1. Which strands (runs of 3 or more DSSP E) sit wholly inside the range 173-247 and have at least 1 residues that are in contact with a Leu (Cβ under 7 Å, 6 or more places away or on another chain) and within 24 Å of Gly266 (Cα to Cα)?
2. With in contact with a strand residue (DSSP E or B) (Cβ under 6 Å, 6 or more places away or on another chain), of a type in the set (A, V, I, L, M) and within 30 Å of Gly418 (Cβ to Cβ) as the only criterion, which of Val524, Val494, Val465 stands out?
3. For the list (1) in a strand (DSSP E or B); (2) crowded, with 16+ Cβ neighbours inside 10 Å, I need the number of the one condition that Gly155 fails.
4. Yes or no: Tyr374 touching a helix residue (DSSP H, G or I) at 6+ places or on another chain (Cβ under 9 Å), over 18 Å from Asn259 (Cα atoms) and not aliphatic (A, V, I, L, M)?
5. Looking at the range 369-381 only, could you name the residues that are surrounded by fewer than 18 Cβ atoms within 10 Å (Cβ to Cβ), outside any loop (DSSP other than H, G, I, E, B) and in contact (Cβ under 8 Å) with a residue 12 or more places away in the chain?
6. Would the range 513-522 turn up any residue that is small (Gly, Ala, Ser), in a loop (DSSP other than H, G, I, E, B) and on the phi > 0 side of the Ramachandran plot?
7. Could you identify the single residue in Ser215, Ser179 that is of a type in the set (Ser, Thr, Tyr) and at positive phi?
8. Determine whether Lys101 is in the same structural domain as Lys181 (by TED's automatic domain parsing) and part of a loop (DSSP other than H, G, I, E, B).
Amino acid sequence: MKNSLIIAIFSIIIAIFSLTACGKEKKEIISKQIEKEDSYQPTYQTLSLEMEAISSAVIKEERIYLYGNKWVEDENEKEMGGKSYLYLASMKKDGSDLKEKRLEGLRKKEAVLSLVVDNRNQLYIVTQEYKRDRKTKTEGEIYRFHLVEEEGNLGTVIELKRKKKEQYELTTRNFTFLSDKLYVLSNTKMYCFNQKGKIEHVYDAKESLGEWLFSSADGKLYLCGWMEDGESGRNRIREFDLETETFCDPMDFGDYTLNEFTILRGEGSEIFLNDRKNIYRYNLANGEIKTELTWLNADLDGEDGVRAYFPLKDGTILVITRDDSEDAKIELITFQKVEASKRKEKKTLLYAGITMEYPMKKKILEFNKKNQEYRIETKDYSIYDDPAKQLSLDIISGKVPDILDITWLSKEQLIKKGLFLDLYDFMEKDKEIKKEDFIPSVLKTLENDGKLYFLPSSFQLKGLVSSKKLMKDKESWTISEMIDRYEAMPENRVFMQYADREWIGSGIIRACINDYIDWETGNVNFQTDEIIKLIEFSNQFPSVQEADYSQMEDKQILIEEGRLFLEPWYLSQPADILEYTKQYQKQGGYTVLSYPSNSENKKLDMVIYDNDSILTITKQCEYTEGAWEFVRQFLTYEYQKEKFHYNFPTRKDVLEKKLKAMQATKPYTDEDGMEILPLDSGYGFERPLNKKEIKQIRSFIDRIGGIATSYHDMVNETIAQILEEELEAFYAGDKTAEEAAKIIENRVGLYISESS
C-alpha cells in the first residue's frame, strides 16, 4: 500500500509504452483497461477419481488430462507409514468418458514436475531426478520428457543434455515448445533444445528475464515475471524476437499489479492470466487487458479450491476444483457465457475494498451459498498499482459500491463526503442486534455527530506505559509535559528502548494528527509551540539508520532501575495485563497513558486490525436490507464468540464471557458448550486474572477515545511522507524547526484541500 486516497477529479491517464521490435519498426502499444466483466452460468459435475490431489492439468485436442496422487497407509512402509501412488486421468471437455490409470514406468527417484503438450500435440510427463556422476564428478538435476501414449502408457523419453559450463533449472512454468524446439528460461539465460534434448543455442541477456516462458498461438515467444523498472521492479512481459534473436523491451500490464499469476495461451496474440483473484484476457498485440472472470463472483476461492482452468474458443471456461473438506471432492465446473440479465437471479450487491483477507472471502462465499434473495459480488482494488487512486476515480465517476471496506482508507474524508448510511437506523429495525448490545465507549468513539457509520467485531488497545514511580496516576498529557518530564530525569535516562528521531518526530505528530487538522473545515495548524518543541526535541536521538539496537540494555533492567521513561503499550487480550504487572512490580506498578495531545483528557486508542474489516453501507446502495444482512453477521453473538481467543469483542455479552473465562481457577463448560481452562493450564500464563486486574481492564476500555488501524490510514500515509521529508530537511540542517513546521502546514493544507 503505497499511495494515499485522493478524492479529487483526476484525468484518467492511459499508460502508453513502446515496444521496440528489435530491428523492426517501432510499435506503439496502449494498455487499455476494460472494466466490464462477462457473466457466466456454472454447471457442476463431480469427478469420480482415485487420485485425491491434482498437481497438473492440460488440454490435448478434445480431452483434459489430469495428473495427481493418492496416499495409501501401509504398515509395511515403516519409514513413512504409507505410500503415495501416482495417477493419470483423462476425459472429454464435458466430463464424459472419464479414464484413469495408475502411472507406472518412472524411475524410483524421479519426481514429476508437470504435464505438458508440445507444438505437435504430443503429451509429455516432465520429471526431474537428482543424479551424481562419479566419473565426471558432476551432480545436479536431470530432466526428462516422457511421451504419454494413447493408452496412458509411457513411451519415448527425451533427456535434456547439459554442457559442462551451463547450469539451468526447470520449473513448472519456465519452458515452452515452439517450432519443434524446446525453450528453457533460467536466470539471465534462455536455452534452446532440439528434439533430441541437445542444447543448440544459449541466449544471455545479462539481466533478469523473469520466471515465465510461454509461446502465443500466433507463433511468438515471450518471457514474463519480475523485471527491473527504473530503481525498482515489477511484473512485466517482453518478447524474444526469433528473427533477430534479441530480447525486446519489457511491457507493463497497465495499472494492474499481478502477483503469483499463471498464464495460459489463448487465440492468436491473446493470453489468459490468473492471479488467483481474477482471470484476465490480455492481448499481446495491442496491450488490451480485460477482467474475464472474478473467482469470488463465481462463488469460488481462487486462492484455495481452484486447481486448473481452461478458457475455450467458444468463450466457455472449464475449471477443475478440489475442496478441503473432510469428504473432499474433485469437480469439473463449466462456466458458459450468458447475458448479464439472465445470470443475475438474485439481487446483487457490490462489495469493494483496497484488499480482501481470507476471513472476508470465506464470509462472502458462505453468504452467497445460504442467502436466497441476495448475493455479493466483489471488486478487490489490490489488483491495481495504485488501489486507492483507482477507487477514488471510480467513486468520482459514480461507481460507488454498495458495501465499502474502509480499513485502508481515510475515514475522516469519506465521512465528510456523506457517503455512508447510519448503522443505528438498521439496528432500530433489527429484532436481534441493538445499540445497547455494544460497549458504550466503543460506540462513542466511532460515532460521528451521533451517527454510526461502521462497527468492527473486535479491537485492541493502544497507548504508552511507564512506571507509577515516574508518572503516578497520570493518564493524559501534552507534548510539552512529556518532554519536560523526560528531561527532568537523571542523565542515564532512556526515552524508549527502541526510539529513533523519525519515530519521535513524525510518529508522535501522526498519533495526535487530529489536534492539527480540522477535517470538517479543512483547516490545518502545525505552526505551534508544541510541534516546534517536539521537532527540536527529536533531533537529540539517532536516526533509524544510526541507531545501534544491538547495544541496547535489557528492557527489564531499565524498568527496575527506573531509567526507562516510556514503552508502547498494547492490549490484545485481557491476559496481556499479567506481563505488565510482572514487568513493573518492583516499581510499584505501571501507569497507562495516552499519546500526547493538546486535547483535554486524550483517550486511549482502539486498534482495528485489517483482518477485521471496517464495513460501511453506502448511500448509493439500492438493496440496503441485503447489505445490512451481510454486515450484521459480524455483529452477532454467534460470530463474535467464535473469535473468542482473538482481541476484545465489541459486544458486551461476549466481553463478559471473555472476562469471566480469564478469572477461572478451575475448568468449566460455559453456556455455549465451550470448555474453559484456567490461564495456568497450558496458556503460558502463571495464573488467572484477579478482580483488581479485571477492574483495570474495564477502566482501560472505558478510556477508549481514538481510532487506529494496524497500519496507518491511507491519508495518514501521505501526511507521514510529508512529515518525514520535511523533518529530514531539518535533521540535515537545511531548515529550522520553525521553517519545517511552516512547510508541513502548507503541504498538508494543500493536500487536504485537493483531497476535498
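1. The strands (runs of 3 or more DSSP E) meeting that bar are 175-178, 181-186, 189-193, 212-215, 221-229, 232-241.
2. Values: Val494 fails: within 30 Å of Gly418 (Cβ to Cβ); Val465 fails: within 30 Å of Gly418 (Cβ to Cβ).
Selected residue: Val524, the only one of Val524, Val494, Val465 that is in contact with a strand residue (DSSP E or B) (Cβ under 6 Å, 6 or more places away or on another chain), of a type in the set (A, V, I, L, M) and within 30 Å of Gly418 (Cβ to Cβ).
3. (2)
4. Numbers: touching a helix residue (DSSP H, G or I) at 6+ places or on another chain (Cβ under 9 Å): yes; over 18 Å from Asn259 (Cα atoms): yes; not aliphatic (A, V, I, L, M): yes.
Spelling it out, Tyr374 is indeed touching a helix residue (DSSP H, G or I) at 6+ places or on another chain (Cβ under 9 Å), over 18 Å from Asn259 (Cα atoms) and not aliphatic (A, V, I, L, M).
5. If the condition is that a residue be surrounded by fewer than 18 Cβ atoms within 10 Å (Cβ to Cβ), outside any loop (DSSP other than H, G, I, E, B) and in contact (Cβ under 8 Å) with a residue 12 or more places away in the chain, then Lys369 is the only one that fits.
6. We begin by selecting, within the range 513-522, every residue small (Gly, Ala, Ser); these are 522.
In the following step, the residues that additionally are in a loop (DSSP other than H, G, I, E, B) were identified as 522.
When the remaining residues are screened for being on the phi > 0 side of the Ramachandran plot, the result is 522.
Yes: the range 513-522 contains one or more residues that are small (Gly, Ala, Ser), in a loop (DSSP other than H, G, I, E, B) and on the phi > 0 side of the Ramachandran plot.
7. Working: Ser215 fails: at positive phi.
Only one candidate qualifies: Ser179.
8. Values: in the same structural domain as Lys181 (by TED's automatic domain parsing): yes; part of a loop (DSSP other than H, G, I, E, B): no.
No.
The values are calculated or read from the model by the stated rules, or taken from the named source; none is laboratory data. Given the structure is predicted, the values throughout are model-derived calculations rather than measurements. For neighbour counting, all protein chains shown are included, and Cβ atoms are generated from backbone atoms with ideal geometry for every residue, glycine included.
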